[in-house]
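The values are calculated or read from the model by the stated rules, or taken from the named source; none is laboratory data. Since we're looking at a predicted model, the values are computed, not measured. Note: ideal-geometry Cβ built from the backbone for every residue, glycine included; neighbour counts use all protein chains shown.
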Amino acid sequence: MSSRAQTPAKASPPPTMPVSFTVNGKKADLKLDTRTTLLDALREHLKLTGTKKGCDHGQCGACTVIVNGERINSCLSLAMQHQGDEVTTIEGLGMPDDLHPMQAAFVKHDGYQCGYCTPGQICSAVSVLKEIEANIPSHVTGDLTSRMRPTNMEMRERMSGNICRCGAYSNIADAMAEVAGGKA
Amino acid sequence: MRPFTYQRAGSVAEAVKAVGSRDDAMFLAGGTNLLDLMKLQIETPAHIVDIQDTGLDKIEKTKDGGLRIGALVSNTALSADERVRKDYPVLTRAIQAGASGQLRNKATTGGNLLQRTRCSYFYDTNMACNKRDPGSGCAALQGYSRQLAVIGSSDKCIATYPGDMAVGMRVLDAVVETMKADGSTRSIALADFHRLPGDHPEQDNVLETGELITAVWLPKPPGGRHFYHKVRDRASYAFALVSVAAVIQDDGSGRVAFGGVAPKPWRVEAADAALGQGAKAVIARAFADARPTEENRFKIALAERALAGVLAEARNA
């Protein structure tokens, strides 16, 4: 593999390919360098800059979006992998005049300070509550055969892929608890 | 990232042919590890064969009462499967101990077995690393080795296999099913799947060029009580310093494997046989050939304490 790394770059232009997927209910038809990540397709080509680039290596969660109903790190996915997929970004969850309940709860509970990680936090938080509802277990789940519940510990564990440098974690957990129905 | 051409294979046969017919192609499943490595130019494939359309995303019952897990089943789907939770809970526990929710949604069963080491010298392309660049040396040997292997390593490489899922699969006696570039298939016991580095740390496993993992087979449920205890520097979303996967029967017998300590999930059958004598006896056998560095010697004591905790929990249950 490393011997390949030392091969001089070819003069031919980098390969491009067409790809189509739906973003927030709207069809997107793009022709992209095959190296383009889903994150860069959203931000640089579709100008949906709500989704943020943090580490670009799947460690911080700022780039979290929802694809076919599941949250993923859009930085660790090629746009080409998403032919025909349905992508939801923070803009698709809600806009300032029509907030998603989770967005409203983040505002109410001060679930952010600088706000850079917030779109990823909110996409993750919305998905976490769905994952609990779908009875997907977590590392802190006691009895694997019982119904999952949105406890504070469950939500904290499930949100560990979203880093907040400002440390708004406890307020994020409060916002999630409110949306989950105050069960935490 | 280096430029590459991209192809979506419609079948397993098409995929193995496409990758096997050249020496610069790679399979792409979830991509959570591969894209990371491509961005750092540690992996530089000129052609990518995406296997998401090959239908390997099912979990099926086998004739002998076990499960056949398709290579594309996501970590989340596998850990949440009702049969796995009930009959193989060590696997659910192991998977949920690793990575983040976002990664587990994308990471696959086959891809997770192929996750490359997280040794920081492997990741830093300015450093000598025999795994990344054969013959260049190993900067980790004289470097910061706290996270690295205490057993199974060589003087060429002290990297660990970083995953959790495979450690759970190891105590379940899992078998890896593959298809080679010529269309033939084979079964490889997980015990024999990952390689020890020896003189060739660049080879993580026994797969040949163009050979694709198609499924993982679990034998019929082993019964007993299942445990996966992971010790790490923070409570979530970190790689293991030490992990213990164990299946303990009512009579105190059982099986145990360790993660975070070796280039592969570490299980020694003679150590299994000592489970009735307590953690100290098990560790003495499992780590008899350990070659720790001064910085990571603590992992052996940590493994003993983690196992003692598991055995105490098994007794009190």
Q | Check on residue B:53, within 13 Å of chain A (Cβ to nearest Cβ), of a type in the set (D, E, K, R), touching a Gly at 6+ places or on another chain (Cβ under 7 Å) and in contact (Cβ under 8 Å) with a residue 12 or more places away in the chain | A | yes
Q: Search the stretch B:71-93 for residues being among the small types (Gly, Ala, Ser) and not in a helix (DSSP H, G or I), and hand back the single one that is farthest from the other protein chains (Cβ to nearest Cβ).
A: B:71
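Name the one entry in A:28, A:62, A:105, A:41 that is assigned to a loop (DSSP other than H, G, I, E, B) and modelled with pLDDT of 95 or more.
Working: A:28 fails: assigned to a loop (DSSP other than H, G, I, E, B); A:105 fails: assigned to a loop (DSSP other than H, G, I, E, B); A:41 fails: assigned to a loop (DSSP other than H, G, I, E, B).
A:62 is the lone residue from the list that is assigned to a loop (DSSP other than H, G, I, E, B) and modelled with pLDDT of 95 or more.
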Q: Please give the number of the condition residue A:79 fails out of (1) under 19 Å from residue A:44 (Cβ atoms); (2) of a type in the set (A, V, I, L, M); (3) under 14 Å from the mean Cα position of the chain (by Cα).
A: (3)
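Among the residues of the stretch B:94-117, write down those that are part of a loop (DSSP other than H, G, I, E, B) and within 11 Å of another protein chain (Cβ to nearest Cβ).
Step one: list which residues in the stretch B:94-117 are part of a loop (DSSP other than H, G, I, E, B), which gives B:97-100, B:107, B:114-117.
The answer is B:97, B:98, B:99, B:100, B:107, B:116.
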Q | Filter result for residue A:158 (among the basic types (Lys, Arg) and either within 14 Å of chain B (Cβ to nearest Cβ) or touching a helix residue (DSSP H, G or I) at 6+ places or on another chain (Cβ under 6 Å) (or both)) | A | yes
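Identify, please: which residue in the stretch B:31-41 is part of a loop (DSSP other than H, G, I, E, B) and more than 8 Å from every other protein chain (Cβ to nearest Cβ) and is, among those, nearest to residue A:11 (Cα to Cα)? Working first, answer last.
Of the residues in the stretch B:31-41, the ones part of a loop (DSSP other than H, G, I, E, B) are B:31-33, B:40-41.
Restricting the remaining residues to those that are more than 8 Å from every other protein chain (Cβ to nearest Cβ) gives B:33, B:40.
Working: B:33: 28, B:40: 21 Å.
Ranking the candidates gives B:40 first.
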Q: Quick one: residue A:143 ticks every box in (1) farther than 30 Å from residue B:91 by Cα; (2) in a loop (DSSP other than H, G, I, E, B) except a single one, so which number is it?
A: (1)
Q) So which of A:95, A:153, A:80 is surrounded by fewer than 23 Cβ atoms within 10 Å (Cβ to Cβ), among the hydrophobic types (A, V, I, L, M, F, W, C) and within 13 Å of chain B (Cβ to nearest Cβ)? A) A:153
Q) Looking at (1) within 29 Å of residue B:50 (Cα to Cα); (2) within 14 Å of the chain's Cα centre (by Cα); (3) assigned to a loop (DSSP other than H, G, I, E, B), can you tell me which one residue A:92 breaks? A) (3)
Q) Out of (1) surrounded by fewer than 18 Cβ atoms within 10 Å (Cβ to Cβ); (2) of a type in the set (D, E, K, R); (3) within 28 Å of residue B:27 (Cβ to Cβ), the odd one out for residue B:225 is which? A) (3)
Q: Kindly state which helices (runs of 4 or more DSSP H) lie completely within the stretch B:246-317 and contain at least 2 residues that are over 21 Å from the mean Cα position of the chain (by Cα).
A: B:279-286, B:298-316
Q: For residue A:54, indicate whether it is surrounded by fewer than 17 Cβ atoms within 10 Å (Cβ to Cβ), more than 20 Å from residue A:20 (Cα to Cα) and more than 9 Å from chain B (Cβ to nearest Cβ).
A: no
Q) Which of the residues spanning the stretch A:12-46 are of a type outside the set (Val, Ile, Thr), without any contact (Cβ under 8 Å) to a residue 60 or more places away in the chain and within 15 Å of residue A:85 (Cβ to Cβ)? A) A:18, A:26, A:27, A:28, A:29, A:30, A:32, A:38, A:39, A:41, A:42, A:46
Q. Can you name the condition, by its number, that residue B:44 falls short on among (1) surrounded by fewer than 16 Cβ atoms within 10 Å (Cβ to Cβ); (2) in a loop (DSSP other than H, G, I, E, B); (3) within 24 Å of the chain's Cα centre (by Cα)?
A. (1)
Q) Which residues, taken from the stretch B:191-228, are touching a strand residue (DSSP E or B) at 6+ places or on another chain (Cβ under 6 Å) and either part of a helix (DSSP H, G or I) or within 30 Å of residue B:315 (Cβ to Cβ) (or both)? A) B:193, B:218, B:222, B:224, B:225, B:226, B:227, B:228
Q) Looking only at the stretch B:143-167, which residues are within 21 Å of residue B:110 (Cα to Cα) and either modelled with pLDDT under 95 or surrounded by 24 or more Cβ atoms within 10 Å (Cβ to Cβ) (or both)? A) B:159, B:160, B:161, B:163, B:164, B:165, B:166, B:167
Q | Options A:65, A:87: the member that is of a type in the set (Val, Ile, Thr), facing another protein chain (nearest Cβ under 10 Å), under 24 Å from residue B:50 (Cα atoms) and crowded, with 23+ Cβ neighbours inside 10 Å | A | A:65
